[in-house]
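Taking it in order: structure first as structure tokens, then the write-up.
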Amino acid sequence: MNVVLLGAPGAGKGTQATALTKLLGVVHVASGDLFRRALSKNTELGLLAKSYMDKGELVPDEVTIEMVLERIREPDCAAGVLFDGFPRTLSQAEALDDRLAVEGKAIDKAVYIEVSEEALVKRLSGRWICRDCQTPYHAESSPPRVSGRCDVCGGELYQRADDREETVRERLKVFFSQTLPIVDYYERQGKLLRVDGNQGIDEVSAAIRSQLQVESA
Ligand code: ADP
Ligand code: AMP
């Protein structure tokens, strides 16, 4: 099964992804995580991505598409992928469809987590991320058990530079102008499922499971 998680920055895609990948038996592929990992290794790709990420802009399609398509060629992705943060433009969505079609595969469903703009800004300004495994936390809605440490792997938590309010506003603008059209793209294909993301984390998980018609383990 191949599923796309759609939603503005801060909608809760990363938060929902871990449990959902286990439930679906697929691999989590988050383009933002791939860029941050490349940057932590100081690769050319990471440094190029940083120049866009710092401004809240999208990394150019050619670079992003190549990176993600290369990732999904790896054997662990054969059983299916949960895409998070990709596609973000129509060209990315079309490139992904073309690539999957070559293998006789397709995106089965796109889950759109809808959250009000006001809540998005609050979520991003209180977000903490694990430096090692990228699990997201929130000072109020989802605090770690031990302050500053990841519950999953014990890694150090940090606040992303692009979660500053000024950059957040730019990222939201980019979402509404460049990414929102792909909601229509999947709707036209009859693949779109909408979830109210303004609820608590557990309620959102339950709504996603219900839309995808999968039971919790
Ligand atoms: P995305 O991956 O879509 O950018 P995240 O999953 O990182 O978003 O979530 C953004 C922030 O909001 C994180 O700090 C996370 O802990 C918090 N969060 C996620 N889902 C909810 C929710 N349903 N209610 C409140 N806070 C949430
Ligand atoms: P995210 O972790 O999904 O919030 O992404 C962080 C940043 O990485 C974005 O603001 C973009 O600069 C870049 N990025 C992540 N995914 C993509 C994508 N699919 N296309 C272009 N840029 C991306």
* To do: Take L58 and decide whether it is assigned to a helix (DSSP H, G or I), touching a helix residue (DSSP H, G or I) at 6+ places or on another chain (Cβ under 8 Å) and either surrounded by fewer than 22 Cβ atoms within 10 Å (Cβ to Cβ) or of a type in the set (D, E) (or both).
  => no
* To do: Can you run down the residue pairs with Cβ atoms below 6 Å, 6 or more apart or on separate chains, where the first is in the range 13-40 and closer than 17 Å to S205 by Cβ and the partner is within 15 Å of ligand 2 (Cβ to nearest atom) and assigned to a helix (DSSP H, G or I)?
  => H28/A17
* Asked: Quick one: is R169 within 16 Å of ligand 2 (Cβ to nearest atom), charged (D, E, K, R) and open to solvent by less than 90 Å² (accessible area, probe 1.4 Å)?
  -> no
* the range 111-126: number of residues that are open to solvent by less than 40 Å² (accessible area, probe 1.4 Å) and either assigned to a helix (DSSP H, G or I) or within 14 Å of ligand 2 (Cβ to nearest atom) (or both) -> 6
* Asked: Within the range 201-213, is even one residue at positive phi and open to solvent by 70 Å² or more (accessible area, probe 1.4 Å)?
  -> yes
* **Test result for A49, farther than 23 Å from Q178 by Cα, surrounded by 16 or more Cβ atoms within 10 Å (Cβ to Cβ) and modelled with pLDDT of 95 or more** => no
* **The listed residue being within 11 Å of ligand 2 (Cβ to nearest atom), charged (D, E, K, R), under 21 Å from G25 (Cβ atoms) and touching a residue at least 12 places away in the same chain (Cβ under 8 Å), out of D54, D84, D61, D76** => D84
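The values are calculated or read from the model by the stated rules, or taken from the named source; none is laboratory data. This is a predicted model, so every value here is computed, not measured. Note that each Cβ is placed from the backbone with ideal geometry, even for glycine, and that neighbours are counted across all protein chains shown. Keep in mind that these areas ignore ligands, DNA and RNA; they rest on the heavy atoms of the full protein, side chains included. Shrake-Rupley method; radii C 1.70, N 1.55, O 1.52, S 1.80 Å.
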